Structures are given as C-alpha cells and as structure tokens.
1. Starting at the first residue of the stretch 98-112, write each ³J(HN,Hα) from the Karplus equation 6.51 cos²θ - 1.76 cosθ + 1.60 with θ = phi - 60°, in whole Hz, x for Gly and Pro.
2. Given H placed 1.01 Å from N in the peptide plane, which residues other than close sequence neighbours of residue 98 have an amide H under 5 Å from its amide H?
3. Please compute, over every Cα-Cα pair in the stretch 32-117, the percentage with a separation greater than 18 angstrom.
4. Find how much the distance from residue 86 to residue 52 grows on full extension, using 0.36 nm per residue of separation minus their present alpha carbon separation; answer in nm with one decimal.
5. What's the exposure ranking of 81, 50, going from fewest to most Cβ atoms within 10 Å?
6. Sort 117, 112 so the one with the fewest other Cβ atoms within 10 Å of its own Cβ comes first.
7. Below 25 Å, Cα to Cα, which lysines can residue 89 reach? Residues fewer than 8 away in the same chain don't count.
8. Need one word for the stretch 77-120: rounded, prolate or oblate. Basis is the Cα gyration tensor (sqrt eigenvalues a ≥ b ≥ c); a/c below 1.5 gives rounded, then a/b vs b/c decides.
Amino acid sequence: MRSILNFGIALNKLIIASALAFALNPALAQAVNEDAAMELAKAGKCFRCHSVEKAKKAPSYKRIAERYKGKADAEAKLVQHLSGTRSVKVEGGGDEEHDPPPAKDAADLKNLVHWILSRG
C-alpha cells in the first residue's frame, strides 16, 4: 500500500514539474512546425527580401529574432506586422509595400512568427 502511495506522490511531482517547465519555457509549450513556416514564407515570397542568416533588402530572420529576444511583446508585434500590408523601410533606403503572407488562420501566422523568433 505504501508503494502505491509513494508512486502517486512521485507521479504528482512529475506532473507539476512538467507543467512548470512548459509554463516557464514558451518554446517547449509552443512547438514550431518548421515545414509549415517555411511553406508559408515561400508562399508569401518572404525570401525575396529576407534570408535566415544574412541581410538582403530586409533584415535576416536571425537579426529580427535577436532584436526581439526576451521581449514579452515580441509575438504580438510580429503578428501585427505580418497581419496587414504596410510600407516598410528597406536596406539601401526607400520604402516598399510589405504584403502579409497568405496564412489560412491566426495559428499559421503565429507558427511563422515562432519560427522567426527561434532563429536567434
């Protein structure tokens, strides 16, 4: 009987520890579907101006991730940026229209944002 009780206590501790790990580490809680993110970026022609590592006309995804690292509002700001067409500054001067990627829903867009943020 005592071993069953000890097992129950150990299981409860494991469940609590797992929940805390997910709560304290958003990367664990929100797994990124890299294939879906890459497909959405390709469909949105994002790679015309961005690359993962090096700046093109626009900053690299690595640089974007570094800029937003540790900021609580990073996801919200990037989702807002990717949600509508707006004029953006490009390297070398000038402005260009930044069209949103053709996401089917908010989850697709958030997945792309999480992928971008995971580059840094």
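Quick note: the coordinates plus some simple rules give every number you see, no bench work behind them. Just so it is clear, the structure is predicted and the values come from calculations on it, not from any experiment. Every residue, glycine as well, gets a Cβ built from its backbone with ideal geometry; the counts of neighbours run over all protein chains shown.
1. In residue order, the calculated couplings are 10, 7, x, x, x, 6, 6, 7, 5, 5, 5, 5, 5, 4, 4 Hz.
2. Those lying under 5 Å, H to H, from residue 98 are 86, 87, 88.
3. 39 percent
4. Details: separation 34, 0.36 × 34 = 12.24 nm, distance 2.17 nm.
Contour length minus the Cα-Cα distance gives 10.1 nm.
5. Numbers: 81 14, 50 20.
Fewest-to-most Cβ neighbours within 10 Å comes out as 81, 50.
6. Working: 117 22, 112 25.
By the 10 Å Cβ count, ascending, the order reads 117, 112.
7. Those lysines meeting the cut-off are 42, 45, 54, 56, 57, 62, 69, 71, 77, 110.
8. Judged from the Cα gyration tensor, the stretch 77-120 comes out oblate (a/c at least 1.5, b/c at or above a/b).
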